[in-house]
Amino acid sequence: MAIKKKKSIREQVYEYLKSEIVSGKIKEETRIVEEEYAEKLNVSRTPLREALRMLELEGLVEAREKGGVTIPKTTKKDVEEVVKIRVALETLILEEIFKKVKDEDIKELEDNIIYTKSIINDESKTDEVFKCFSKFNKLLYKISKLPRVISLINNLNLYLKKFRKISAENKERRLSAYEDHMNIVNLIKTGNKEKAIEVNRKHLLEAKEFLKKQVDEETK
């Protein structure tokens, strides 16, 4: 890891470890050994410990009874809880969108849909499709102008990022998500708030079932 002077060492270690954890590069149930990571990152143990405390507050690592920390295993209960909260928060997002959306916002959403359609069936571009889906969500969140709600959703999504990327690799899930996004944009254009909320809820619940299956696969 290249240490930058603009940020504290603690912040840089925190951001590095967070990225490694949410991407799945550091596997679940892995024990983080302070001595090993301090040497690997060429830092002292103090900023490493501080970074690990920050990650523990976010639930991305957990303290062991015998000392040290590990990466917690994602469970089906975690998936259920995260999706339940997302349904509630994204309902708030959509309610605000129908009050605040402008023509230029719809244009941005439609451009995203058009580009996604052009790559949706290309198996070599599943990472790009995942980025398009993430951008679609960010565009919706931006329209709502609810920064605290957006921050909550973004933090929640960290727990399931690895599994969400896997869902973009599954053609059936990919196409279903694309159809839902397209429907939501059309419903926003026609002012049908209740139907848009219903479609988004269905979208999240279907994603939940897929993610739970992925969690099962990980435990085999």
Counting all Cα-Cα pairs in segment 101-170, those more than 19 Å apart amount in percent to 41
When ranked by the protection proxy of mean other Cβ atoms within 10 Å per residue, highest first, what sequence do the peptides 106-112, 15-21 form?
15-21, 106-112
Pull up all non-local amide H partners of Val69: gap of 5 or more, or a different chain, and H-to-H distance under 5 Å with H placed in the peptide plane.
Ile32, Arg64
Between the Cα axis of helix 9-22 and the main Cα principal axis of the chain, the angle (0 to 90°, nearest 10) is 60
Kirkwood Rh, Cα atoms: Rg over Rh of the chain
1.01
Quick check: the distance between the Cα centres of segment 1-63 and segment 79-142, to the nearest angstrom?
30
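Using a probe radius of 1.4 Å on heavy atoms only, what accessible surface per residue do you get for segment 1-158? Whole Å² is fine.
Here the residues of segment 1-158 average 61 Å² of exposed surface.
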Rank by packing, highest mean first: peptides 75-85, 118-128, with packing defined as the count of other Cβ atoms within 10 Å averaged across residues.
75-85, 118-128
For the chain, take the longest principal axis of its alpha carbons; what is the angle in degrees between that and the long axis of helix 147-169, to the nearest 10 within 0 to 90?
90
SASA check, Glu11, accessible area w/ 1.4 Å probe, all protein chains in place, rounded to nearest 10 Å², comes out at 70
If you line up the long axis of helix 45-57 against the longest principal axis of the chain, both from Cα atoms, how many degrees apart are they, to the nearest 10?
40
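The values are calculated or read from the model by the stated rules, or taken from the named source; none is laboratory data. For clarity, every value in this text was computed on a predicted model and none was experimentally measured. Here Cβ is always computed from backbone atoms with ideal geometry, including for glycine, and neighbour counts include all displayed protein chains. Accessible surface is based on the protein model in full, side chains and every heavy atom, while ligands, DNA and RNA are left aside. Shrake-Rupley method; radii C 1.70, N 1.55, O 1.52, S 1.80 Å.
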